[in-house]
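Enquirer: I am attaching a structure below and will ask some questions about it afterwards.
The values are calculated or read from the model by the stated rules, or taken from the named source; none is laboratory data. Remember, predicted model here, so these are calculated numbers, not experimental data. Because the Cβ atoms are built from the backbone with ideal geometry, glycine has one as well, and the counts that use them run over all protein chains shown. Surface areas here come from the heavy atoms of the whole protein model, side chains and all, with no ligands, DNA or RNA. Shrake-Rupley method; radii C 1.70, N 1.55, O 1.52, S 1.80 Å.
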Amino acid sequence: MGMLKTFRSVVQFDSITRDPVERRLKKAACIDDYRRIAKRRLPFGVFDYIDGGAEDERTLARNVTTFADIEFKPRVLRDVSNIDTSTTIFGRPAAMPLILAPTGFTRIAHSQGELAVARAAAQAGLPWSLSTMGTRSIEEVAAVSDGEKWFQVYTWKDRGLVKDLIERAKASGFTAIWLTVDTAVLGRRERDVRRGMTLPPKIGVGTLVDGAIHPSWTIDFLRNEPITFANVVGKNDEDGSTAVSLAEHVARQFDQALSWDDIDWLRSIWDGPIVLKGIQTVADAKQAVAMGVEGIGLSNHGGRQLDDAPAPISLVEPVRQEIGDNGTIICDGGVRRGSDIVKAIALGADAVSIGRPYFYALGAGGERGVAHMLDFMREGLERTMALSGVRSLAEIDRELVRWK
């Protein structure tokens, strides 16, 4: 009896979790775990489209690892019983300095796509961004989310179409514009080349085998309407209704003549904040501010365009030193933990933005996966602030961190 009592005191059996999504998410303790779950659930070509970068993927890796070159100088005995992560971005409230960046073709991870992400972001009190190449329309998103919404613009050769998109976004309550400036041509994404990746994915022998290996994704894909570039259906001869190589699509549709002069054109049709997404030098940040641009999106497109471009976190401090208080700095790329947010703020950023982390979480568990991931980021931010001895974002300053 003594042995049985001892056994009972140290052995407990977990209750059985019947909900498969909850069961998966219980095993996700960090962004790499969402990535691992998504990799198991998604077809190989789909996962590689989300996960991959340009050429040898050195920039993709450095976006993340450069954060590890920064260490904290934590203060103690500071009464951190109350932690406040709230902020304002362009004068509008956000629960923390985190923006969900635009991602194209989001429905390849889950049939709800942008709708799921927008709902989760609104629930978390965070700005979310819809891509020009989104798979849910401006109006569809507005119908399901009353949260803060931004619209991302690729400047196509058809400026009339761009103007129409921006006017629709304004009418639907979107409050800021990302102008992506680093895609004059598409970077060579060699995982996609090897897979023969198209958008939407073409059905062939390899696709059928891949689909059989990933039945839950395949069933979800087949039960829902076809994936298209939802904002331009019927308005463009490449609206995603037929499979297209992304590189060929960019070459045919995007305006390689995009220049600083086009900022004035964009300002003539949009009176809200503009963020240039793809700034990679101090000189370009300075010029953007001189032209009256409100936001500096320090970004190398998640390592998907020019390999060996600088990691965004490495640019935050020199850009802030150059522009002073004259622009909102958003560090886009490599953020994987709440501690990364603190590091970026300490170096001078106003906010960070993420893409792959929520794409992984969407693939892992749909809307619930995204909400779970945002909770992880919030908890990590709060914990890092407490362990560093700061109670609000205003208390995070340059003295909190040092480069190794």
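Enquirer: Would it be correct to say that Val153 is buried (at least 19 other Cβ atoms within 10 Å of the Cβ) and modelled with pLDDT of 90 or more?
Expert: In short, yes.
Enquirer: Which of (1) within 22 Å of Glu57 (Cβ to Cβ); (2) basic (Lys, Arg); (3) surrounded by 22 or more Cβ atoms within 10 Å (Cβ to Cβ) is the odd one out, the single condition Lys343 does not satisfy?
Expert: Going through (1) within 22 Å of Glu57 (Cβ to Cβ); (2) basic (Lys, Arg); (3) surrounded by 22 or more Cβ atoms within 10 Å (Cβ to Cβ) one by one, Lys343 breaks only (1).
Enquirer: Then there is this: Is one or more of the residues making up region 320-336 surrounded by fewer than 18 Cβ atoms within 10 Å (Cβ to Cβ) and in contact (Cβ under 8 Å) with a residue 40 or more places away in the chain?
Expert: There is at least one residue in region 320-336 that is surrounded by fewer than 18 Cβ atoms within 10 Å (Cβ to Cβ) and in contact (Cβ under 8 Å) with a residue 40 or more places away in the chain.
Enquirer: Now, a different point. Does region 374-394 contain any residue that is open to solvent by less than 10 Å² (accessible area, probe 1.4 Å), aliphatic (A, V, I, L, M) and within 15 Å of the chain's Cα centre (by Cα)?
Expert: yes
Enquirer: While we're here: Looking only at region 388-397, count every residue that is in contact (Cβ under 8 Å) with a residue 60 or more places away in the chain and out of contact with any Pro (no Cβ under 6 Å at 6 or more places or on another chain) and tell me the total.
Expert: 4
Enquirer: Please determine, by comparing only the residues of region 7-28 that are outside any helix (DSSP H, G or I) and open to solvent by 70 Å² or more (accessible area, probe 1.4 Å), which one is modelled with the lowest pLDDT.
Expert: Phe13
Enquirer: Among (1) over 21 Å from the mean Cα position of the chain (by Cα); (2) modelled with pLDDT of 90 or more; (3) buried (at least 18 other Cβ atoms within 10 Å of the Cβ), there is one condition Val232 misses while meeting the rest; what is its number?
Expert: That leaves (2) as the condition not met.
Enquirer: Output the residues belonging to region 52-72 that are over 14 Å from Gly333 (Cα atoms) and touching a Ser or Thr at 6+ places or on another chain (Cβ under 8 Å).
Expert: Phe72
Enquirer: What pairs come up if the first residue lies in region 361-380 and is on the phi > 0 side of the Ramachandran plot, the second is open to solvent by 10 Å² or more (accessible area, probe 1.4 Å) and in a helix (DSSP H, G or I), and their beta carbons are under 7 Å apart, counting only those six or more places apart or on different chains?
Expert: Final answer for the pair search is Gly366/Val21.
Enquirer: Let me ask you something else. Can you say whether Asp164 is part of a loop (DSSP other than H, G, I, E, B), farther than 16 Å from Gly297 by Cβ and not hydrophobic (A, V, I, L, M, F, W, C), as far as the supplied structure shows?
Expert: So Asp164 fails the test.
Enquirer: So in region 129-144, with the set limited to residues that are of a type outside the set (Asp, Glu) and more than 25 Å from Leu276 (Cβ to Cβ), which one is nearest to the chain's Cα centre (by Cα)?
Expert: Val144
Enquirer: Quick check on region 65-83: of everything there that is in contact with a strand residue (DSSP E or B) (Cβ under 7 Å, 6 or more places away or on another chain) and of a type outside the set (D, E, K, R), which residue is farthest from Gly302 (Cα to Cα)?
Expert: Phe72
Enquirer: Which residue, of Leu381, Leu393, Leu362, Leu400, is modelled with pLDDT of 95 or more and closer than 25 Å to Gly53 by Cβ?
Expert: From the options Leu381, Leu393, Leu362, Leu400, the qualifying one is Leu362.
Enquirer: Between Leu126, Leu179, which is within 18 Å of the chain's Cα centre (by Cα), crowded, with 20+ Cβ neighbours inside 10 Å and part of a loop (DSSP other than H, G, I, E, B)?
Expert: Leu126 is the lone residue from the list that is within 18 Å of the chain's Cα centre (by Cα), crowded, with 20+ Cβ neighbours inside 10 Å and part of a loop (DSSP other than H, G, I, E, B).
Enquirer: Select from region 45-79 the residues that are surrounded by fewer than 17 Cβ atoms within 10 Å (Cβ to Cβ) and of a type in the set (A, V, I, L, M, F, W, C) and write down the one among them that is nearest to the chain's Cα centre (by Cα).
Expert: Result: Ala61.
Enquirer: Identify, by number, the condition in (1) part of a helix (DSSP H, G or I); (2) under 15 Å from the mean Cα position of the chain (by Cα) that Val352 doesn't meet.
Expert: That leaves (1) as the condition not met.
Enquirer: Give me the pairs, please: first residue somewhere in region 29-40 and farther than 16 Å from Val370 by Cβ and touching a residue at least 12 places away in the same chain (Cβ under 8 Å), second residue anywhere and among the hydrophobic types (A, V, I, L, M, F, W, C) and part of a helix (DSSP H, G or I), beta-carbon distance under 7 Å, and either six or more positions apart or on two chains.
Expert: Hits for this filter: Lys39/Phe47.
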